[in-house]
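The values are calculated or read from the model by the stated rules, or taken from the named source; none is laboratory data. Keep in mind it's a predicted model, so treat the numbers as computed, not measured. Here the Cβ positions follow ideal geometry from the backbone for every residue, glycine too, while neighbour counts run over all protein chains shown. Remember, those area values only see protein heavy atoms, side chains included, never the ligands or the DNA or RNA. Shrake-Rupley method; radii C 1.70, N 1.55, O 1.52, S 1.80 Å.
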Amino acid sequence: LVRRTKQEEDRKRRLLNNQIRDIVKANRLNHPDAEIARNFMFRGRIRKINVNPDQLKALNAGELGIVYLSGGYHLLTLEFADQVRAISAEHVVDLDTCDSGDDEEFPVPDDLSW
């Protein structure tokens, strides 16, 4: 019974990953020559994706999204990132929560100036 349940979960996960892979494969914006590392927080760790200057501006402006699939991070337009989110929200990096930069957690001391 446990084995059958595990097999069913694996089948569902593979089906989900295949749906996401189809979207990513057809609409991926990653460039092999991108040299700017854009860091972000995902699943409690700092991750990075390489982007070009135009993609960096668009990503920081919220016009692009990042999708995680099979150990890699893929740059997509928001339309396709939302399609992936509809299939599985845990595969889409939420940049809003990472970039909020809660300054209250690390206040600047009064005697520090720059």
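Structure data summary
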quantity: Count of segment 39-55 residues which are over 17 Å from Thr77 (Cβ atoms), open to solvent by less than 90 Å² (accessible area, probe 1.4 Å) and over 11 Å from the mean Cα position of the chain (by Cα); calculated: 3
quantity: Filtered residue count, segment 38-59, keeping only those that are polar (S, T, N, Q) and free of Cβ contacts under 8 Å to residues at least 12 places away in the same chain; calculated: 1
quantity: Sole residue being closer than 15 Å to Val93 by Cα and assigned to a helix (DSSP H, G or I), chosen from Ile49, Ile20, Ile66; calculated: Ile20
quantity: Neighbours by Cβ (under 8 Å, 6+ apart or cross-chain): first from segment 22-37, touching a residue at least 24 places away in the same chain (Cβ under 8 Å); second part of a loop (DSSP other than H, G, I, E, B) and of a type outside the set (Val, Ile, Thr); calculated: His31/Asn52
quantity: Test: residue in segment 30-38 that is open to solvent by less than 90 Å² (accessible area, probe 1.4 Å), in a strand (DSSP E or B), touching a helix residue (DSSP H, G or I) at 6+ places or on another chain (Cβ under 7 Å) and of a type outside the set (Phe, Trp, Tyr); calculated: yes
quantity: Selection count where residues are open to solvent by 60 Å² or more (accessible area, probe 1.4 Å) and in contact with a helix residue (DSSP H, G or I) (Cβ under 7 Å, 6 or more places away or on another chain), scope segment 71-91; calculated: 1
